[in-house]
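The values are calculated or read from the model by the stated rules, or taken from the named source; none is laboratory data. Here the structure is a predicted model, which is why all the values come from computation and not from measurement. Don't worry about glycine lacking a Cβ; one is built from the backbone with ideal geometry, like all the others, and counts go over all protein chains shown. Please note that ligands, DNA and RNA were not included when accessible areas were found on the heavy atoms of the full protein model with its side chains. Shrake-Rupley method; radii C 1.70, N 1.55, O 1.52, S 1.80 Å.
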Amino acid sequence: MEIFVIKGGRRLSGTCRVSGAKNAVLPAMAASLLAEGPVEVVGAPRLRDIATFGKLLGILGAEVTQDGGGADGREVLRIAPGDARKAEAPYELVKTMRASVLVLGPLLARYGRARISLPGGCAIGARPIDQHLRGLELMGARTSLSEGYIEASADRLSGAAVTFDMKTVTGTENLMMAASLAEGTTVLSNAALEPEVCDLARLLRAMGADIEGEGTDEIVVRGVRSLHGARHEVMADRIEAATLLLAGAITGGDVTALGADASSMNAVVEKLRRSGAEVDSVPGGVRVRREGPIRSVNVKTAPYPGFPTDVQAQFMAYLCLGDGFSIISETIFENRFMHVAELRRMGAKIDVSGNTAAVKGVPALSGAPLMATDLRASASLVLAGLAASGTTEVLRIYHLDRGYEALEHRLASLGADIARVKE
């Protein structure tokens, strides 16, 4: 088992390139199932989730390779789709990564059938897929549940008007992909607005799809008979960018996240500025600087363009060193304060009631052995360790490796004293 050992108290400074967005690469990989030629994703990081999704595509007949042959030496993920004769996503893979459900729409649209293991719950809360199924049924799919699997079939999907009961990113993406090969026009209302949804639309258009309206509440997809392969440069990971900026801010440093787009994370940038940090768009990225105290601010997570739930834990670590009280409200997932107990071990003062955490800032945090519980919680503990006095050990960093490629090398390049060691 590998752990991070962090000797805190170092001010971070310098520049660090942001990876391609995991949450954009995974739907792009699913979309490759729709194509009648190879799909290349430029800028895809080497992550556990992407490797797992690659295994799933392999089961579905695709050939997946990754190398550093892209521009500026960036990684290129190449997917040569095959014939998904089995069209089944087994439990062994779906249980480790909920995004596997994204193959449902493409398989149904391209092959007329799909059998996908139910994702079930996860550590940070249930994420039901009823919106996916209802939308596909409106498009003419027949669905049933049997022995823990969703079974779906359709001769050919038909365009339909689908209104989501709630914002759902993967639901919007699944139905966008399914509608690309459906007969007629599909209108998705109350669609998710996330930049990753827009990135998927860019790829689908490059493959020959007829899509408009992404980034708004209403996406219109006019089905076509077939899609071809394409080369796609994936967007930068706005969650990794926010994590790197917070690493600079929490240590009173000066860090530039190359490739970051401030407009894709306005809510995080605004809170950083209100907390006393200077945040500026610079050529090629976003720069953060902080010299004065951290001013306590309130945070409430919300669907995009609101404050992202995937940055809540990291921002909480930052506010643990604030000059007053902060109220953090988590409205997306019901179980996303599991990092609180670990931050308390470092001297943080946090009270939790339901989906609300009250954080009273303290002058300093102390290093301690910590246990990561999920991907973003892991990142929050690393940030706290960077700012703490003494040594912090973060266990179970395999959670972190799901969403951050070699984070220790990136932070070390900024001056952090951090190492990955075997326990």
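Of note:
- Cα coordinate range in segment 204-337, projected on the principal axes (Å, largest first): 59, 36, 20
- Residues of segment 1-35 with amide N under 16 Å of a point placed 7 Å along Cα→Cβ from Ser389: 7-11
- Fluctuation leader among Val268, Val224, Val76 - the chain, Gaussian network, Cα springs under 10 angstrom: Val224
- Taking 0.36 nm per residue of separation and subtracting the Cα-Cα distance, full extension of the segment from Ala341 to Asn266 would add 24.1 nm.
- Magnitude of the charge dipole for segment 343-416, about its Cα centre and with charges confined to Cβ atoms of Lys, Arg (+1) and Asp, Glu (-1), is about 240 debye.
- Largest accessible area first, the residues Asp351, Asp401, Asp49 order themselves as Asp351, Asp401, Asp49 under a 1.4 Å probe with ligands, DNA and RNA left out.
- Between Ser226 and Arg273, the FRET efficiency estimated from the beta carbon spacing at R0 = 45 angstrom works out to 0.40.
- Per atom type, segment 207-276 shows carbon and sulfur on 41% of its accessible surface, probed at 1.4 Å.
- Subtracting the Cα-Cα distance of Arg46 and Asp280 from 0.36 nm times their residue separation leaves 81.4 nm of extension gain.
- Residue among Lys86, Lys349, Lys167 with the largest mean-square fluctuation in a Gaussian network model of the chain, springs linking Cα atoms under 10 Å: Lys86
- Surface accessible to a 1.4 Å probe, Met371 within the full protein complex, Å²: 70 Å²
- Projected-area mean, segment 268-418, by convex hull of Cα positions, square nanometres: 8.8 nm²
- Dimensions (Å) - segment 48-113, Cα atoms, principal axes, largest first: 40, 24, 16
- Each of Asn190 and Arg205 was given a label point 7 Å from its Cα along the Cα-to-Cβ line. The distance between the two points is 2.7 nm.
- Surface accessible to a 1.4 Å probe, per residue, for the residues of the chain, Å²: 38 Å²
- Sparsely packed loop sites in segment 170-259 (the trypsin sites (Lys or Arg not before Pro) outside DSSP H, G, I, E and B with at most 14 other Cβ atoms within 10 Å) comprise Arg225.
- Given in Å, the Rg to one decimal and the Dmax to the nearest whole number for the Cα atoms of segment 131-235 are 13.4, 39.
- For segment 1-79, the fraction of alpha-carbon pairs lying more than 18 Å apart is 50 percent, rounded to a whole number.
- Zone of Ala406's modelled label, taken as backbone nitrogen in segment 4-20 under 14 Å from a point 7 Å along Cα→Cβ: 16-20
- Intensity falloff of the chain expressed as log10 I(q)/I(0), Debye formula with alpha-carbon point scatterers, at q = 0.07, 0.10, 0.14 Å⁻¹: -0.33, -0.67, -1.23
- Fraction of the pair-distance distribution of segment 148-191 above 17 Å, Cα-Cα pairs, percent: 36 percent
- Over all pairs of different C-alpha atoms in segment 317-397, the reciprocal of the mean inverse distance, the Kirkwood hydrodynamic radius, equals 12.6 Å.
- Take the Cβ atoms of Ser153 and Leu118, set R0 to 25 Å, and the FRET efficiency comes out at 0.90.
- Hull shadow area, averaged, segment 242-301 [alpha-carbon convex hull, nm²]: 3.7 nm²
- Sites Lys360 and Thr96 - FRET efficiency at Förster radius 30 Å, r taken between beta-carbons, to 0.05: 0.20
- Taking label positions 7 Å along the Cα-Cβ direction at both Arg142 and Glu63, the computed distance is 3.6 nm, reported to one decimal.
- Above-threshold pairs, the threshold being 23 Å between Cα atoms, out of Lys167/Lys300; Lys86/Lys167; Lys22/Lys86; Lys7/Lys271; Lys300/Lys360; Lys22/Lys95: Lys86/Lys167; Lys22/Lys86; Lys7/Lys271
- Between Arg113, Arg344, Arg290, the residue with the greatest mean-square fluctuation in the GNM of the chain (Cα pairs under 10 Å linked by springs) is Arg344.
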